[in-house]
Amino acid sequence: MKKIEHIGIAVKDLDAANEVYAKLLQTESYKTEKVKSEGVETSFFKVGDSKIELLAATSEDSAIAKFLEKRGEGIHHIAYEVADIKAEMKRLKEEGFELISKRPKRGADNKLIAFLHPKSANGVLVELCQEIEKEEDTIPIGDEVWEDL
Ligand code: ZN
């Protein structure tokens, strides 16, 4: 793991939360992106070397909508940057961590992503993310990377 890439925060109203975080961090959101397949809209803020990702639901049956219903607004996940997401998924699986999906997906903010189940990591949803290289740039957002581990 290279560093904490970002912290994901579930919010009910993305516009309202954007205003709060712009004031808090004294910077505007640099990117807003919808991940249609996940039913989520995201907004990113830079904080030094790290980022804050605000997540709002765009459909009622999305994971974020369910999270908000159950737990309310708050920290949703911690994302760690990795150099090789497939190698890291394999390593963590061998260590007994439960992966939510078998293959990495293209997530928001130009990343390949994968999640570990919160029960594997003391109640915290863990995201692994790897910056997308040029040759992977054609993968549609929300799609899995079709390569078995
Ligand atoms: Zn994230």
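Among 62, 29, 76, whose Cα projects farthest towards the positive end of the dipole of the chain, with charges put on the beta-carbon of Lys, Arg (+1) and Asp, Glu (-1)?
Positive-end residue among those listed: 76.
Taking H as built 1.01 Å from N, whose amide H comes closer than 5 Å to the amide H of residue 76, not counting residues under 5 places away?
8, 9, 10
Each residue of the stretch 85-98 in order: what ³J(HN,Hα) in whole Hz does its phi give by Karplus 6.51 cos²θ - 1.76 cosθ + 1.60, θ = phi - 60°, with x for Gly and Pro?
Result, rounded to whole Hz: 5, 5, 5, 5, 4, 5, 4, 5, 4, 5, 7, x, 6, 8.
Average projected area of the Cα convex hull of the stretch 59-121, in nm²?
Values: hull surface 20.5 nm².
Directional mean of the projected Cα hull area for the stretch 59-121 stands at 5.1 nm².
Tell me what the chain gives for mean residue ellipticity at 222 nm when only DSSP H runs of n ≥ 4 count, each as -39,500 (n - 2.57), the sum divided by the residue total, rounded to 500 deg cm²/dmol.
-6000 deg cm²/dmol
With just the Cα atoms defining each centre, how far is the stretch 1-64 from the stretch 111-131? Give it in Å.
16 Å
As an exercise, find the ratio Rg/Rh for the stretch 2-127 from alpha-carbon atoms, using the Kirkwood inverse-distance average for Rh.
Working: Rg = 14.4 Å, Rh = 15.1 Å.
Over the Cα atoms of the stretch 2-127, Rg/Rh equals 0.96.
Of 118, 7, 45, whose Cα points farthest to the positive end of the dipole of the chain (charges on the beta-carbon: +1 Lys, Arg; -1 Asp, Glu; origin at the Cα centre)?
118
Mind checking the stretch 40-109 for GluC sites (Glu not before Pro) that DSSP puts in a loop (not H, G, I, E or B) and that have at most 13 other Cβ atoms within 10 Å? Could the numbers behind the result be given before it?
Details: sites: 41, 53, 60, 69, 73, 81, 88, 94, 95, 98; in loops: 60, 73, 95, 98.
Loop-located and lightly packed - 60, 95, 98.
If we count other beta carbons within 10 Å of each Cβ, what is the order of 43, 59, 29, fewest first? Before the final figure, lay out the partial values.
On the way: 43 24, 59 11, 29 20.
The order, fewest Cβ neighbours first, is 59, 29, 43.
With +1 on each Lys and Arg Cβ and -1 on each Asp and Glu Cβ, how big is the dipole of the chain about its Cα centre, in debye rounded to the nearest 20? Don't skip to the end; give the middle numbers.
On the way: 23 positive and 31 negative charges, 77 e Å.
So the magnitude is around 380 debye.
Laboratory data are not the source of any read-out in this text; all were calculated from the coordinates shown. Everything numeric in this text was worked out from a predicted model, so none of it was measured. Note that we place each Cβ from the backbone using ideal geometry, even for glycine, and neighbour counts take in every protein chain shown.
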